[in-house]
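So the structure is just underneath, and the comments pick up after that.
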Amino acid sequence: MAGNRERQRKRARERYERQREQRLQRRHKLRQRVGIGLAVVLVLGLAAGLALAFAGGPASKPTAKASSTASPSASTSAAAVAEPAHHCTYTSGGLAAKKVSVPPAAPDYSSSYTATINTNLGKIGINLLNSKATCTVNSFVHLASAGFWNNSQCHRVTTTGGLYVLQCGDPYATATAKLDCSSTSKIGSGTPGYDFASENLTGAKYPAGTVAMANEGSATTNGSQFFIVFKDSTSGLTASYTPFATVSSGLGIVQNVAKDGYSCQYAQSGGGAPKKKVIIDSVTIKKT
């Protein structure tokens, strides 16, 4: 009898592990945020219609979120809001990768902000476009002030197919995490536990120095992941990813990371883990 019970427990454990792995795989596919393009990017002109998927989502996603991503086919159906916005809506978006509160619904729409992304490779300065993407900036300032991105890695870089971005913003990619591009890894699927709608999409373009949000394929799935464009990517992206900042200094850091390429490739969403590790020590905000 004892032997039968032990075999039953063993089978139950094995069944649980199989189900858990299947859930992780499904969740990873659904929330793949690479800064850019959860969806598949069709590269015209390649034989047999070769398709490259980029993650939103920057950003990645990552999806853009390896579960937030950016692709030519991402939805832009969110209702346009007059900017600067005087009210912001943030809705529950599942389990947060790192505990953090929801940003205030009333943004400081009249102020100007700059941010410094302090990395192990140097400082990247950015100007936040508060008058054009108020709720996105409101969320960015909130997460930065809460230390949400402290000690996290930029987990994806894309260097082909018209998409030239470095995707960051997922706390699952800790400073010590091994980025092995595994299809069962949670890296690339991290969120702050809330979603919000896209902004500043009318006529949006993505020249070098653009900082935009990664998403999960629709205009209401922005979270914490973002991407930095290191080479003009306007031809590789439709106006589906909120441009909320521009790089004022340090773009060469990102370009050098891209030159080194990636150590492994994400099968689902394209691009790969940067060969040169980029660790965000902190993000500091200056308000004027």
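Worth a mention:
- Looking at region 187-268, the trypsin sites (Lys or Arg not before Pro) that sit in a DSSP loop and have at most 13 other Cβ atoms within 10 Å of their own Cβ are Lys205.
- With every protein chain in place, region 108-258: carbon and sulfur % of accessible area (1.4 Å): 49 percent
- Over region 227-288, the pair-distance histogram of Cα-Cα distances with 10 Å bins from zero comes to 15, 44, 36, 5, 0 percent, rounded to whole numbers.
- Whole-number accessible area per residue in Å² for region 128-204, which is evaluated in the context of all protein chains at 1.4 Å: 29 Å²
- FRET E, pair Ser111, Ala175, Förster distance 41 Å, beta-carbon r, rounded to 0.05: 0.85
- With a Förster radius of 22 Å applied to the C-beta separation of Ile285 and Ser235, the computed FRET efficiency comes to 0.10.
- Rounded, prolate or oblate (a/c below 1.5 giving rounded, otherwise prolate when a/b exceeds b/c) for region 132-288 by Cα gyration tensor: rounded
- Overall shape: oblate for region 205-248, with the ratio a/c of the largest to smallest alpha carbon gyration tensor axis at 1.5 or above and b/c at least equal to a/b.
- Solvent-free Debye calculation, one equal scatterer per alpha-carbon of region 185-231: log10 I(q)/I(0) at 0.15, 0.32 Å⁻¹ equals -0.43, -1.23.
- Across Lys132/Lys275; Lys98/Lys287; Lys99/Lys259, pairs whose alpha-carbon gap is larger than 32 Å: Lys132/Lys275; Lys99/Lys259
The values are calculated or read from the model by the stated rules, or taken from the named source; none is laboratory data. All figures in this text were calculated on a predicted structure; none of them were measured in a lab. Every residue, glycine among them, receives a Cβ derived from its backbone with ideal geometry; neighbour counts consider all protein chains shown. The area values use the complete protein model at the heavy-atom level, side chains included, leaving out ligands, DNA and RNA. Shrake-Rupley method; radii C 1.70, N 1.55, O 1.52, S 1.80 Å.
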